[in-house]
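The values are calculated or read from the model by the stated rules, or taken from the named source; none is laboratory data. What you are looking at is a predicted structure, and each value in this text was computed from that prediction instead of being measured. Heads up, the Cβs are rebuilt from the backbone with ideal geometry, glycines too, and the neighbour counts pull from every protein chain shown. Remember, those area values only see protein heavy atoms, side chains included, never the ligands or the DNA or RNA. Shrake-Rupley method; radii C 1.70, N 1.55, O 1.52, S 1.80 Å.
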Amino acid sequence: MPLSCWPGASSNKYQSNAILCDTFVQSLIKPNFTNFMKRITVLCLLYLGLLPAVWAQEKFTVSGYIKDAGNGEGLIGAIVQVKGQALGTTTNEYGFYSLTLATGNYALVYSYLGYQAQEKPVSLQANIRQDIGLATDQIQIQEIVITETRPDNNIRSMEMGVSKLEMKTIKAMPALLGEVDVIRSIQLLPGVSTVGEGASGFNVRGGGVDQNLILLDEAPIYNSAHMLGFFSVFNPDAVKDVKLIKGGIPAQYGGRLSSLLDVRLKEGNSKEYCATGGISTIFSRLTLEGPIQKDKSSFIIAGRRSYGDLFLRLSPDEDLRSNRLYFYDLTTKVNFTLSPKDRLFVSGFFTNDIFRYKSGDGEDSFKMRWGNRTGTIRWTHLFSDRLFANFTGIYSDYDYMLGVPDGADAFEWTSRIFNYSGKADFTYYLNANNTISFGASALKYRFHPGEAKPLGDKAFFNAFALDHQNAMEYALYLDNEQNIGSRLGLQYGIRFSAYNFLGSQTVYDYAGEDGNRKIPTNARTYGKGESIALYTNPEPRFSLRYTVDKNSSIKASYNRMAQYVHLISNTTAASPLDVWSSTTKNIKPEKADQVALGYFRNFRDNMFETSVEGFYKEMNNQIDYINGAETLLNPRLEADLLYGVGRAYGLEFYGKKNTGKLNGWVSYTLSRSERKINGINNDNWYSAKYDRRHILSVVAIYDLNKRWSGASTCSYTPRVATTVPPGRYELDGGALVVPHNTNNSRNNYRVPAYHRLDLSATLRPGKRENRRWKGEWVFSIYNVYARRNPFTVYFRQNEKDATKTEAVRLSIFGGMLPSVTYNFNYCLGGNK
């Protein structure tokens with residue numbers, strides 16, 4: 001029977017499909033090459049689900065934004081579920097959702113953890129725009145149906161190796177000196193470890209601190225720490241969402257090997273004007289937010305400043321009064337709803353750390369400064385109910401300076417890295433079972449590795465600067481998240497990246513044996529903008545989810561990542577003075593292939609969620625250093641670098657309680673991270689400096705009553721690998737001892753393990769309706785049992801007997817640190 005004669009094909013509803021199918025039948029009959037290719041193309045489109053079949057029901061789309069009913073903030077990852085069916089979707093980073101269904105009547109359930117779920121009847125006879133405002137558990141909204149549905153997104157979603165922390169959870173946890181810290185919080189998650197107290201960054205699944213891509217409203221952050229690593233740069237009052245992705249990274253993201261930390265800022269309260277802040281032991285913070293035009297536009301401004309330097313001025317010691325050690329940061333954001341289809345976001349982020357030491361004669365003996373500056377402008381546009389677009393322009397700048405400002409040896413040393421980028425991201429909600437993402441980006445790098453100049457009238461050296469580095473990074477990506485039936489889900493895509501290292505630059509080859517400093521040869525000079533080296537990398541991504549039943553699922557993932565920027569540091573912990581370097585003709589892009597397999601199961605109606613994930617990661621073009629490498633202000637740095645391969649593998653166990661008076665989680669990671677570098681450790685495998693065999697974290701939060709709550713965290717990190725020379729030279733009759741690595745070993749010793757217990761208690765005011773001012777007291781004890789955790793171990797000659805060498809443990813904190821913080825919130829509307 002001809003397709004056009006099928007029942008209903010002659011009706012208006014199916015007329016266009018009938019014509020299309022008749023054309024398709026004719027193409028199958030004609031045996032020429034052109035029609036043969038058309039036939040193959042149409043068949044492929046049919047297979048991919050991109051061409052609706054003539055017998056399919058007519059479909060319509062329900063779309064909109066899901067927001068917090070109290071302040072108008074978009075909710076990221078909110079769930080939209082068709083009641084009684086395995087169909088649904090989640091909101092994107094802007095709170096937008098789109099769900100395409102066959103014509104008919106449905107009940108849609110909108111839910112988000114910590115909010116009252118809503119059930120809405122929908123009659124789909126045409127495309128519908130339906131915006132939803134969800135209320136928190138403490139706020140009731142009239143004329144809505146409240147369901148008892150609890151989100152089980154960890155079972156149903158494609159995500160694995162993903163940890164998401166709610167800000168209310170982060171704020172409830174004990175903190176160093178009472179200051180809530182995003183970075184310290186994620187270090188309690190499985191697969192994540194700290195590099196040590198007083199050090200910036202974190203390690204994920206056996207990777208280095210530079211192998212984590214940290215984004216703040218999509219802008220890269222190159223140093224995430226204040227005060228040499230004691231605090232993170234993220235103001236907790238300005239942060240809306242924190243997500244860490246360790247595996248199964250979507251094709252949209254690239255540029256780092258190990259993880260993505262995606263931090264999203266609040267948009268600002270669009271309902272009423274509010275002030276939020278806190279006064280803690282070491283610094284204070286204040287956040288102002290409110291509507292520019294109610295429900296149409298809003299702003300947020302958040303600032304922090306430490307005041308340790310103010311206390312130093314009260315010291316009777318003249319030297320201490322002259323010293324300075326403080327930081328400040330400022331976070332700003334505005335957004336405008338230009339039309340039902342257009343929104344504009346502009347955000348800025350500025351940090352500065354300043355350290356200055358003065359000697360007794362009043363002259364500056366040493367000073368240091370470092371800071372981040374970022375700016376992001378984003379325009380989101382709905383081309384249709386199913387096509388969402390985000391266009392972004394980004395500026396990022398990280399710099400540091402150190403020097404001696406006064407005296408005969410006065411000098412200044414600076415280093416800097418700039419980013420300018422633009423990108424376009426599209427999401428096409430094809431139907432309830434397919435969500436297609438695609439886009440492109442371009443990123444320009446400018447590296448200023450180092451510049452040193454003398455100060456004053458009498459210069460004791462000539463000013464010099466390392467060659468600036470310039471590069472362009474491009475990327476294209478395509479990704480589809482597809483559900484096949486009610487049990488099987490797939491996410492597959494590819495990212496294609498290209499990196500072009502540009503002049504002007506003088507480039508060398510390096511000759512010599514691995515393990516020794518090499519000799520530069522064959523110098524070649526390239527002009528401004530001339531291509532020196534071009535690298536291209538396809539980066540396939542794949543994830544699979546099989547739902548065993550409503551309470552459990554099995555997931556697997558594979559991703560390949562390429563990294564084009566490198567942190568040059570031969571210390572265990574990163575510092576603000578480490579140098580970022582571009583991929584060059586000699587420094588190749590780092591690459592990693594990671595596979596992971598996990599089992600996820602919930603218990604007691606999603607009250608408890610558990611998971612176990614195994615991973616294996618292989619890394620190429622890993623960087624290490626010869627013994628005695630010079631990494632600072634070295635014009636021939638590449639002569640001191642060595643290259644090889646790495647591997648990391650392990651198991652991550654996670655159990656979490658979501659509801660009730662007592663909630664929290666337990667995580668345990670068993671893993672290894674190793675490197676094999678030509679010229680190191682006799683060319684054998686050795687433990688990486690961030691290898692952690694056993695990592696245990698326990699977080700407990702208990703609501704005693706409406707006024708009192710308590711929290712505790714306990715963490716254990718095994719011994720860090722470091723190199724201890726097994727031999728030494730004795731000179732001048734033993735008066736001078738020089739350590740000697742007799743067998744060329746690397747990381748052959750483990751420092752003592754790190755473990756710590758922290759406690760906190762929060763006192764809230766008595767309940768009073770419509771209270772505009774709300775305050776709370778937070779009492780914290782950091783390092784309760786005064787553990788002297790080692791930051792590092794170093795060796796020195798015994799002061800009494802120079803022939804003896806002694807090991808010295810360096811600890812940042814040698815005792816417990818109590819603190820008191822007062823937090824407040826004031827809103828003019830009085831209904832917060």
Only residues in region 479-492 that are farther than 16 Å from Asp549 by Cβ count as the first member; pair them with residues that are among the charged types (D, E, K, R), Cβ under 6 angstrom, at least 6 apart or cross-chain, and list the lot.
Gln491/Glu481
Some residue of region 231-238 being surrounded by fewer than 24 Cβ atoms within 10 Å (Cβ to Cβ) and hydrophobic (A, V, I, L, M, F, W, C)
no
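Matching residues to (1) open to solvent by 70 Å² or more (accessible area, probe 1.4 Å); (2) touching a helix residue (DSSP H, G or I) at 6+ places or on another chain (Cβ under 7 Å); (3) modelled with pLDDT of 90 or more; (4) on the phi > 0 side of the Ramachandran plot:
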{"position": "Asn770", "(1), (2), (3), (4)": "yes, no, no, yes"}
{"position": "Trp777", "(1), (2), (3), (4)": "yes, no, yes, no"}
{"position": "Asn783", "(1), (2), (3), (4)": "no, no, yes, yes"}
{"position": "Thr792", "(1), (2), (3), (4)": "no, no, no, no"}
{"position": "Gly829", "(1), (2), (3), (4)": "no, no, no, no"}
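Conditions (1) of a type outside the set (A, V, I, L, M); (2) part of a strand (DSSP E or B), marked per residue:
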{"residue": "Leu189", "(1), (2)": "no, no"}
{"residue": "Tyr222", "(1), (2)": "yes, no"}
{"residue": "Asp241", "(1), (2)": "yes, yes"}
{"residue": "Ile249", "(1), (2)": "no, no"}
Counting only residues that are open to solvent by 40 Å² or more (accessible area, probe 1.4 Å) and acidic (Asp, Glu), which one in region 594-637 is modelled with the lowest pLDDT?
Asp605
Count of residues meeting criterion [over 15 Å from Glu481 (Cβ atoms), within 23 Å of the chain's Cα centre (by Cα) and assigned to a loop (DSSP other than H, G, I, E, B)] in region 72-92:
4
Considering residues that are at positive phi and in a strand (DSSP E or B), the number found within region 660-671 is 1
Out of region 619-637, which residues are β-branched (Val, Ile, Thr) and within 27 Å of the chain's Cα centre (by Cα)?
Ile623, Thr631
Quick check: anything in region 49-60 open to solvent by less than 50 Å² (accessible area, probe 1.4 Å) and either at pLDDT 85 or above or within 23 Å of Lys550 (Cβ to Cβ) (or both)?
yes
Evaluation of Leu651 against (1) open to solvent by less than 50 Å² (accessible area, probe 1.4 Å); (2) farther than 30 Å from Arg416 by Cα; (3) touching a strand residue (DSSP E or B) at 6+ places or on another chain (Cβ under 8 Å) (one fails), failing number:
(1)
The listed residue being touching a residue at least 24 places away in the same chain (Cβ under 8 Å), among the hydroxyl-bearing types (Ser, Thr, Tyr) and closer than 21 Å to Gly493 by Cα, out of Ser569, Ser553, Ser557, Ser582
Ser557
Pairs, first under 20 Å from Pro449 (Cα atoms) and hydroxyl-bearing (Ser, Thr, Tyr) in region 611-637, second open to solvent by 40 Å² or more (accessible area, probe 1.4 Å) and not in a helix (DSSP H, G or I), C-beta under 8 Å, six or more apart:
Tyr625/Asn570; Thr631/Asn570
Identify, by number, the condition in (1) in a strand (DSSP E or B); (2) within 30 Å of Val820 (Cα to Cα); (3) out of contact with any Pro (no Cβ under 6 Å at 6 or more places or on another chain) that Thr713 doesn't meet.
(3)
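Find the strands (runs of 3 or more DSSP E) located wholly in region 479-546 whose residues include 1 or more that are of a type in the set (A, V, I, L, M, F, W, C), modelled with pLDDT of 95 or more and surrounded by fewer than 18 Cβ atoms within 10 Å (Cβ to Cβ), and list them.
Answer list for region 479-546: 488-502.
Can you tell me which residues in region 656-669 are surrounded by 16 or more Cβ atoms within 10 Å (Cβ to Cβ) and more than 21 Å from the chain's Cα centre (by Cα)? Lay out the reasoning, then the answer.
If we filter region 656-669 for residues that are surrounded by 16 or more Cβ atoms within 10 Å (Cβ to Cβ), which is where we start, we get 656-658, 663-669.
The answer is Lys656, Lys657, Asn658, Asn663, Gly664, Val666.
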Selection status of Tyr716, open to solvent by 40 Å² or more (accessible area, probe 1.4 Å), within 30 Å of Leu810 (Cβ to Cβ) and of a type in the set (Ser, Thr, Tyr):
yes
If I ask for residues that are open to solvent by 30 Å² or more (accessible area, probe 1.4 Å) and acidic (Asp, Glu), which ones from region 153-203 would you list?
Glu159, Glu166
Out of the residues in region 329-369 that are farther than 29 Å from Val233 by Cβ, at pLDDT below 90 and not acidic (Asp, Glu), which is nearest to the chain's Cα centre (by Cα)?
Ser359
Kindly provide the set of residues from region 78-91 that are open to solvent by 20 Å² or more (accessible area, probe 1.4 Å) and not β-branched (Val, Ile, Thr), ordered by number.
Gln81, Lys83, Gly84, Gln85, Ala86, Leu87, Gly88
Tell me which residues, restricted to region 672-705, are open to solvent by less than 20 Å² (accessible area, probe 1.4 Å), over 23 Å from Tyr643 (Cβ atoms) and either in contact with a Cys (Cβ under 6 Å, 6 or more places away or on another chain) or in a strand (DSSP E or B) (or both).
Ile695, Ser697, Val699, Ile701
Collect the residues in region 513-547 that are over 30 Å from Asn744 (Cα atoms) and touching a helix residue (DSSP H, G or I) at 6+ places or on another chain (Cβ under 9 Å), keeping them in residue-number order.
Arg545, Thr547
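Run down Leu99, Leu75 and say which single residue is at pLDDT 90 or above, open to solvent by less than 40 Å² (accessible area, probe 1.4 Å) and more than 20 Å from Leu265 (Cβ to Cβ).
Only one candidate qualifies: Leu99.
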